[in-house]
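The structure under discussion appears below in the form of structure tokens.
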Amino acid sequence: QKVLVSGANGFVGCYVVRNLLEKGYFVRGTVRSAEKGKHLTRLFEQYGHRFELAVVPDITEEGAFDEAVKDMTSILHTASPFNYKSDDPKAYIDPAVKGTVGMLQSAAQNAPSIKRIVVTSSVASVVHWTSTRPTPWTEDDWNTKSITVVEEQGVHAPDVDKYCASKSLAEKAAWDFKRTNDVSWDLVTLCPPFIFGPVIHECSRPEDLNESVDVLYKAVVKGLPDEPALVRPGANWVDVLDLAEAHSLALEQAAAGGHRFIITAGPHVLQEFVNIAHTLNIIPTGTLPREIPEPELPAPIVTYNTSKSKHILGLTYRSKEEMMARFLEDLKTRGWCG
Ligand code: NDP
């Protein structure tokens, strides 16, 4: 099996590549420049010829992936902007949509060997961030509200809606492409919420952490500007190791083809991770935000039905404690504890 992984130098991409290499796959990882590939070459040196790089400078260019897809048997498309660095909705939507459709087009035209494509989507494409519906959300739900908000408000839309719209539009475009083209592969999409864990991609200072890990780092170590954010319900999480495993299971399970999967370990408030940091005592606890006993924490307001991921993919989920132990050990090793 030869797997193309786009966005190989990202937080998720790096773990996805490592998971595949550990399982014996051949992996070609795309990065925007040779410079961005250097860390990966070092990180995956032990896997020898089973890891190689492909430079794809601009995923919004037509035919960007034409060379990279050649000879591959499957694709995991993780590359997409997840940061709030621009006001312009196009900065989110163009790479997400054109990158995804471009990847599918290149696969359709240049790689008849491809049997399956897995696109990393998000719960951002399932539920709107302001929702408080009490019933669990499922793979049948779509966040169309963010698309409307961005259409109506443009640059003035909340940045979170720009990101969510980019994920909804990209995932919809992927399913539309599959429906309207006669191709050799089937499609799987994965919808995770906040992904947490220690980073293995290139990151030499906390200021450069990727968006989701930055949220956890600030909540637990750096402190958030407003304490209520620590107890604000609504978010869900998944361990990056489980999400990486979900990607390879999505390739391996024949029955997964044609399905969309919500991938989450469950709801959280950030305060829970603070409490766990106190209990684990891996980094100095004196500077942590105070503990708040669990009974005083708010009940979840957004939950998901994850039975498809368990029954079709066969995925199991790690606990908050397990993820936090690895996360804090890593912070201690890096000296990023305060
Ligand atoms: P990172 O920012 O760490 O990685 C994103 C990857 O996508 C990088 O390789 C980045 O390349 C690439 N990328 C971003 N924008 C562009 C662009 N315009 N052109 C080419 N490549 C680009 O984010 P994550 O690893 O967290 O995210 C990976 C995927 O997971 C994304 O699809 C994201 O939407 C999804 N996701 C992430 C969640 C999370 O909590 N982290 C939650 C739900 C979904 P470069 O480094 O060169 O910018």
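The values are calculated or read from the model by the stated rules, or taken from the named source; none is laboratory data. Computed from a predicted model, the values in this text were never measured in an experiment. We place every Cβ from the backbone using ideal geometry, glycine too, and count neighbours over all the protein chains shown.
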Residues in the stretch 21-67 that are assigned to a loop (DSSP other than H, G, I, E, B) and over 27 Å from Ala108 (Cβ atoms): how many? 2
Could we say that Ser184 is farther than 23 Å from Glu294 by Cα, at pLDDT below 95, away from the ligand (no atom under 13 Å from the Cβ) and part of a loop (DSSP other than H, G, I, E, B) here? yes
Hey, can you tell me all the residues within the stretch 121-137 that are touching a strand residue (DSSP E or B) at 6+ places or on another chain (Cβ under 6 Å), within 16 Å of the ligand (Cβ to nearest atom) and not hydroxyl-bearing (Ser, Thr, Tyr)? Val123, Val126, Val127, Trp137
Among the residues of the stretch 166-179, are any among the aromatic types (Phe, Trp, Tyr), surrounded by fewer than 24 Cβ atoms within 10 Å (Cβ to Cβ) and within 14 Å of the ligand (Cβ to nearest atom)? no
Can you name every residue in the stretch 282-304 that is assigned to a loop (DSSP other than H, G, I, E, B) and touching a strand residue (DSSP E or B) at 6+ places or on another chain (Cβ under 7 Å)? Pro300, Val302, Thr303
All but one of (1) in a loop (DSSP other than H, G, I, E, B); (2) crowded, with 19+ Cβ neighbours inside 10 Å; (3) of a type in the set (Ser, Thr, Tyr) hold for Ser146, so report the exception by its number. (1)
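Per-residue answers, yes or no, for (1) at pLDDT below 95; (2) within 18 Å of Phe65 (Cβ to Cβ); (3) among the polar types (S, T, N, Q):
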residue	(1), (2), (3)
Ser113	no, yes, yes
Val118	no, yes, no
Ala124	no, no, no
Thr144	no, no, yes
Please go through the stretch 220-251 and give me each residue that is in a loop (DSSP other than H, G, I, E, B) and of a type in the set (A, V, I, L, M, F, W, C), ordered by number. Leu224
Suppose we keep only residues that are within 8 Å of the ligand (Cβ to nearest atom) and part of a loop (DSSP other than H, G, I, E, B) within the stretch 200-219. Which one would you say is surrounded by the most Cβ atoms within 10 Å (Cβ to Cβ)? His201
State all residues of the stretch 65-91 that are buried (at least 24 other Cβ atoms within 10 Å of the Cβ) and within 9 Å of the ligand (Cβ to nearest atom); if no residue qualifies, say none. His77, Thr78, Ala79, Ser80
Residue check: is Ile114 in contact (Cβ under 8 Å) with a residue 40 or more places away in the chain, under 17 Å from the mean Cα position of the chain (by Cα) and more than 9 Å from the ligand (Cβ to nearest atom)? no
Can you pull out the residues in the stretch 250-269 that are closer than 22 Å to Pro136 by Cβ and buried (at least 21 other Cβ atoms within 10 Å of the Cβ)? Ala250, Ala256, Arg260, Phe261, Ile262, Ile263, Thr264, Ala265, His268, Val269
Of everything in the stretch 1-15 that's within 16 Å of Arg116 (Cα to Cα) and either buried (at least 22 other Cβ atoms within 10 Å of the Cβ) or within 12 Å of the chain's Cα centre (by Cα) (or both), which residue is nearest to the ligand (Cβ to nearest atom)? Ser6
Report the residue count in the stretch 94-110 for those that are surrounded by fewer than 24 Cβ atoms within 10 Å (Cβ to Cβ) and either among the aliphatic types (A, V, I, L, M) or near the ligand (Cβ under 8 Å from one of its atoms) (or both). 5
Which of (1) buried (at least 18 other Cβ atoms within 10 Å of the Cβ); (2) under 15 Å from the mean Cα position of the chain (by Cα); (3) more than 28 Å from Thr144 (Cα to Cα); (4) not charged (D, E, K, R) is the odd one out, the single condition Pro192 does not satisfy? (3)
Selection within the stretch 311-331 - of a type outside the set (D, E, K, R), over 11 Å from Val238 (Cα atoms) and not in a loop (DSSP other than H, G, I, E, B): His311, Ile312, Leu313, Met324, Ala325, Phe327, Leu328, Leu331
